[in-house]
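To keep things clear, I will list the structure first and then write my remarks on it.
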Amino acid sequence: MTIMWRQVFHQLWNQRRANAWLWVELTLVTVILWYGIDLAYNYEGAALQPKGYDTDCVFDLMVGTKPLELIGDADNRRAGEDFTYLYNLVKDYPGVQDVCAYYGSVPYSGETQFEGYAPHADSTHVVHCYIRYVTASYFDVFRLKPLAGQLDESRWLSAEHPMPVLMSADLADSLFHAPTYADALGKTCFNPYWLQAKNPVTNYRVMAVLPRHKLSDYERYEPFIYLPVDKALFWQHIAVRVSPDRVAGFAERFRRDMQPVFDRGIFYLDYIRSYADMKAAYDVEQGTVNYLNTVYAVAAFFGFNVFLCVLATFWYRTRKRRCEIALRMAMGSDRRGVMRYLLAEGLMLLALAALPALFIAFNLQLADLTVHTLVDVSALRFVGCFVAALLLLTVLIVLGIWYPARRAMKIQPAEALHDE
């Protein structure tokens, strides 16, 4: 095998003038293909990252209130009792596994709350983060598993002092710089914006540390904090986790069955929608879908040109060497040996082109000319995308050599030599 590779290298070197243009072509194509794969990774890599919470099989339900002119004093006095009744009805609806109430930063929407917190050890170190106020059942509905610590439902109360909070890993790291997530447990912080309030709530104690969070698939991770609310109130969002076998058509069934029931006192059923539908609508609203379609259309155009360029080049090059193939077979080489030699020649050309391509790509990365708006630049990302480009080119080169060489081998050596 070593002798064959040495022979391949010597033949490429002897034909270096003829192979120079192909070497340059493969170098440029490798760089372009790497850049396109890296661009796709910036978006699809971000979409594949977990959000930190599970929205599969979860529906968002909002209870609306009727206009003031339709509300009587008796309805107002009974509002709390009516809402509790409706909330319990949601829990008991067929197919519902868990229910919670929350407000603040809502996934796949423009509804956000953003404030800053500082550790008591350094009041000047303020870290801004997204906020969610949630009932204790929120963590069951969204399948949130702490990295350290655990939720104590008996103490998940806004009246606790210090108030218990759950933080995402990013917020815990930024606030406390603790060596491990467990070291952040029990540490306290405060909200400097509340210091001037009439009844300031300034002490928060870390009960647990959660995985990294983000609001939607095509976003970066951001610091998050969870604060307690004692009970569900009508102006909050209600999140409903449904059994996987009941998800299909759940919103329509719920609306049909519960619309008349929710017409109670000051309330009515405003909407119920799955988080999957919220994601689709949010991506369209933010222009993400159009932007990605444009990006992938451009990438597909360049990818198709690379495909045609490389495939056609090696196809044409192999067909022109029918005489050489016939001569090798006439001198006793078997078909498998000839095919191995031709494939080794093409792959060695790619390997020689990969060296300058690696240098160019690395310098493009150092010059910050790649797109990394959603996923950070890393050695693993660079190596992975570059190797993917080489593997794709390897497949194209093998196709460009294998088929025409296989057809050339079916021709009798004497006939091929005569045609030449």
### Message
With +1 assigned to the C-beta of every Lys and Arg and -1 to the C-beta of every Asp and Glu, and no other charges, what is the dipole magnitude of the range 58-285 about the Cα centre in debye, to the nearest 20?
### Response
260 debye
#### Entry: Per-residue ³J(HN,Hα) for the range 232-247, Karplus 6.51 cos²θ - 1.76 cosθ + 1.60, θ = phi - 60°, Hz, x for Gly and Pro
6, 10, 5, 8, 8, 7, 10, 9, 10, 8, 10, 4, x, 6, 10, 5
### Task
Can you tell me the order of 162-174, 233-245, 144-156, 51-63 when each peptide is scored by its average per-residue count of other Cβ atoms within 10 angstrom, highest first?
162-174, 51-63, 233-245, 144-156
### Task
For the range 230-297 and the range 18-64, compute the distance between their C-alpha centroids and round to whole Å.
28 Å
### Query
By its C-alpha gyration tensor, with a ≥ b ≥ c as the square roots of the eigenvalues, how is the range 58-285 shaped: rounded for a/c under 1.5, else prolate for a/b larger than b/c, else oblate?
prolate
#### Entry: Unsatisfied cross-links (Cα-Cα over 22 Å) in the set K51/K187; K231/K279; K51/K231; K145/K214; K51/K91
K51/K187; K231/K279; K51/K231; K51/K91
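Computed from the coordinates by the stated procedures, all read-outs in this text should not be read as laboratory data. All values reported here derive from a predicted model rather than from experimental measurement. Neighbour counts run over all protein chains shown; Cβ positions are idealised from the backbone, glycine included.
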